[in-house]
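Structure first, commentary second.
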Amino acid sequence: MIPFSDLATQYRLLKEELEPAVLSVLESGQYVLGGEVISFEQDFARFVQARYAVAVNSGTSALHVALLAAGVKPGDEVITVPFTFVATTAAIRYAGATPRFVDVDPGTLTMNPEQLARSITTKTKAVIPVHLYGQPADLDPILDIAHAHQLTVIEDACQAHGARYKGKAVGSIGDFGCFSFYPGKNLGACGEGGLVTTRHEEADHKLRMLRDWGAARKYHHEYLGFNYRMDGIQGAALRVKLRHLESWNKRRSELAARYDVGLNNLGLGHVERAAYGNHVYHLYVIRVRERDRLQSRLQEAGIQTGIHYPVPVHLQPWASALGYRLGQFPIAEEAAATVLSLPLYPEMPDGHVDEVAAVLRRLATEQQRLPLEGHVAGH
Ligand SMILES: *Cc1c(COP(=O)(O)O)cnc(C)c1O
């Protein structure tokens, strides 16, 4: 069997570094926030060259408190894309604001800046581009439009730790950057975790209060805050893993390049790679018309795949109150019907990539041939 990812192997390889770090937290008695979390915030801020970094308990919490620190409130509108993990949009609702969608670019599947320009109203307060699959959204035109309308830019960098846009690390470019350390992300905790970066000193103070019950001084609650604190064990584990992130991202790129070669000439659709950015391959995604049939055939051949994401957010049942209909975001809808994520994780052996490629080649050429054409963005 070729697994989609393999966190247990990563643990075995890191055991010698990880266990003393985690045990030292158990010894210290500092189980929530504490020294390891503070050190992790400093390490991560340095890694992405962000001025401030505030650790929280998930990427979703990061998005929620970033929106609140930006002053987003009920009645405001926040623009994002419908083709993302649900948390991006859910956080906007948690802040009491109204999500407004703009469709994605047909090549990169990230926010289409022209549509953004056309969707701004007097109520728009913020915009959340998503760095999907590890590839930065096209930030320059988004920032230009946002600045012209005094909008806050919150980067959803939950899939893009270490990715760069025109040489700068994502999360250091907009007003805020939100990261998730869910175990399967490029940088994953041994449980849940998240972090917000910001360039604004006041926002840093507010973020620190919001994650810990809205209080700077214990039991004096300036804001209606939350219990969004990071655990000491996660801080310690993340500090260890952060030291490996660059080499893991490099390995992901090597594996992606190996897939590119192995899948060449099969007529598969791809997600375009933009010249402006460095992709960190959180996911390696192909696009095919008969996606569900292909996924079953791969499963039969012992190859696990994923679909990120099968239903765009505007068509999720809970989001029906937002009033969107099928057909309104055709690029996102087509992406949801055609994307397929192949196995990819830093510890994956080269031979597994070759095997996946060989099976896809066989499916494309055998008698009962499975048409693999995805009309989109072939490379
Ligand atoms: C994972 C993810 C989130 C949410 O992060 P959690 O840590 O799971 O709360 C938000 N946005 C995107 C794009 C993600 O991939």
Measure of exposure for residue 121: accessible area at 1.4 Å probe, Å² rounded to 10, is 60
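Stretch residue 51-residue 311 to full length: gain in nm at 0.36 nm per residue minus the Cα-Cα span?
Details: separation 260, 0.36 × 260 = 93.60 nm, distance 3.61 nm.
Here the segment from residue 51 to residue 311 would lengthen by 90.0 nm.
Do you know the relative contact order of the chain, to the nearest whole percent, from alpha carbon pairs under 8 angstrom that are 6+ apart? Write out the running numbers ahead of the final one.
On the way: 809 pairs, mean separation 84.1, N = 379.
Across the chain, relative contact order equals 22 percent.
Would you rank 270, 149, 308 by solvent-accessible area, highest first, keeping every protein chain in place and using a 1.4 Å probe? If you can, show how the numbers build up before the last one.
Numbers: 270 5, 149 95, 308 40 Å².
From most exposed to least exposed: 149, 308, 270.
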Heavy-atom accessible area per residue, segment 15-150, 1.4 Å probe: how many Å²? 39
Share, in percent, of DSSP beta bridges within the chain that are antiparallel, nearest 5: 65
If each DSSP helix of 4+ residues adds -39,500 (n - 2.57) and the sum is divided by the residues in the chain, what number results at 222 nm, nearest 500 deg cm²/dmol? -12500 deg cm²/dmol
Over segment 244-379, average the accessible area per residue using a 1.4 Å probe and give it in Å², no decimals. 46
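Want the number for residue 318 to residue 301: 0.36 nm per residue separation, take away the alpha-carbon distance, what's left? Walk me through the numbers before you get to the answer.
On the way: separation 17, 0.36 × 17 = 6.12 nm, distance 3.54 nm.
Separation in residues times 0.36 nm, less the Cα-Cα distance, equals 2.6 nm.
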Sulfur and carbon atoms: percent of accessible area, the chain [1.4 Å]: 51
Taking H placed 1.01 Å from N in the peptide plane, check which residues at least 5 places from residue 163 or on another chain put their amide H under 5 Å from its amide H. 170
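Between residue 24 and residue 9, what length comes free when the chain is fully extended (0.36 nm per residue of separation minus the Cα-Cα distance, one decimal in nm)? Each step should come with its number before you reach the end.
On the way: separation 15, 0.36 × 15 = 5.40 nm, distance 2.26 nm.
Length gained, residue 24 through residue 9: 3.1 nm.
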Please give the residues of segment 63-102, grouped as numeric ranges, whose backbone N is less than 17 Å from a label point set 7 Å along the Cα-to-Cβ vector of residue 224. 64-76, 91-98
If ligands, DNA and RNA are left out, what is the accessible area of residue 1 with a 1.4 Å probe, given in Å² to the nearest 10? 150
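Below 8 Å between Cα atoms, with a sequence gap of 6+, how large is the relative contact order for segment 55-160 in percent?
Values: 188 pairs, mean separation 28.6, N = 106.
Across segment 55-160, relative contact order equals 27 percent.
The values are calculated or read from the model by the stated rules, or taken from the named source; none is laboratory data. Here the structure is a predicted model, which means the values were calculated and not measured. FYI the Cβ positions are ideal-geometry reconstructions off the backbone, even for glycines, and counts take in every protein chain you see. Calculation scope for accessible area: heavy atoms of the full protein, side chains included, ligands and nucleic acids excluded. Shrake-Rupley method; radii C 1.70, N 1.55, O 1.52, S 1.80 Å.
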